[in-house]
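These notes are about the structure you will find just below.
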Amino acid sequence: GAGVSQSPSNKVTEKGKDVELRCDPISGHTALYWYRQSLGQGLEFLIYFQGNSAPDKSGLPSDRFSAERTGGSVSTLTIQRTQQEDSAVYLCASSSWPTRGDNEQFFGPGTRLTVL
Amino acid sequence: EDQVTQSPEALRLQEGESSSLNCSYTVSGLRGLFWYRQDPGKGPEFLFTLYSAGEEKEKERLKATLTKKESFLHITAPKPEDSATYLCAVQAPHAGGTSYGKLTFGQGTILTVHP
């Protein structure tokens, strides 16, 4: 079956522009997570969706970051007025938690964002 | 605040030379400890989940163990294709006690296995 997909795979943008990153989770997975991976920072949690709701947004670094999920499936992470420090790989993961007892998260390949 | 520390940062082994990677954690109410493998340019690939001290899981040349303070990933007779970054992560309840499932990751151990 298809895994988690993300698009675009690479995005280069100019400082101040807005960007949208897309995630298609594994079909049937109700839980969806966004993480950010920066050099020297490791993987950092951004936001968690259960269905279309986001009960945990605690990792979003500023109000320039927002995300939504529609139809319990596709999610979009939007970064407004991008800054150079936003440059990172943005990873999406999905799981069947808490329907299943475990929380095995399956990751997509990521979107590499470069802000010039 | 949940903390995960992995050591060493990098490990070079000869093919067939067994070793262990360490993951120390500090959390309130561990709900699960996860090991992932990440190859360059790819997303992390799930390996194991451990839930309670004393638990062990194996997959091919890898074995993960868990105590109340740390986890080890033992690699037996590694091959060059085992070269990757190995990530450890913990799941713990939210500040309010509800578990939302977010994972807190360590910085990873970069493993290189030479033929």
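Here are the numbers for the structure shown:
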item	result
Loop sites in segment A:10-116: GluC sites (Glu not before Pro), DSSP, at most 11 other Cβ within 10 Å	A:Glu14
Sites excluded, GluC sites (Glu not before Pro) in DSSP loops with at most 11 other C-beta within 10 Å, longest stretch of chain B	B:61-115
Charge dipole (chain B, unit charges on Cβ, about Cα centre) - positive-most of B:Pro93, B:Ser83, B:Ser24	B:Pro93
Solvent-accessible area lost in complex, 30 Å² minimum, residues of segment A:27-67 relative to chain alone, 1.4 Å	A:Tyr35, A:Gln37, A:Leu43, A:Phe45, A:Pro55, A:Asp56
Accessible surface, per residue, of the protein assembly as shown when the full set of protein chains is kept, probe 1.4 Å, Å²	48
Residue-wise HN-Hα coupling along segment A:48-56, computed from phi with Karplus coefficients 6.51, -1.76, 1.60 (Hz; x: Gly, Pro)	10, 10, 10, x, 9, 9, 10, x, 9
The protein assembly as shown - percent of accessible surface contributed by carbon and sulfur, probe 1.4 Å	46
Karplus-derived 3J(HN,Hα), 6.51/-1.76/1.60, for each residue of segment B:11-21, Hz, glycine and proline x	9, 10, 10, 8, 3, x, 8, 6, 6, 9, 10
Area hidden from solvent between A and B (accessible, protein heavy atoms only, 1.4 Å, total, Å²)	1600
Integer Hz, Karplus 6.51/-1.76/1.60 couplings in order for segment A:5-19, x for Gly and Pro	10, 9, 8, x, 6, 9, 9, 10, 9, 8, 3, x, 7, 9, 9
5 angstrom amide H check on A:Leu46, placed H, neighbours 5+ away	A:Trp34, A:Tyr35, A:Arg36
Amide H within-cut-off set for A:Asn52, under 5 Å, with H built and near neighbours excluded	A:Gly72
Accessible-area value, B:His114, 1.4 Å probe, nucleic acids and ligands omitted, Å²	70
Cβ-Cβ FRET estimate between A:Leu39 and B:Glu60, R0 fixed at 35 Å, reported to 0.05	0.70
Alpha carbon convex hull of chain A, volume per residue in cubic angstrom	97
Those residues of segment B:62-95 whose amide nitrogen sits under 15 Å from the label point placed on B:Ser19, 7 Å along Cα→Cβ	B:73-87
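The values are calculated or read from the model by the stated rules, or taken from the named source; none is laboratory data. Note that the structure is predicted; figures quoted are calculated from it, not measured. Neighbour counts run over all protein chains shown; Cβ positions are idealised from the backbone, glycine included. Note: areas computed on protein heavy atoms with side chains; ligands, DNA, RNA excluded. Shrake-Rupley method; radii C 1.70, N 1.55, O 1.52, S 1.80 Å.
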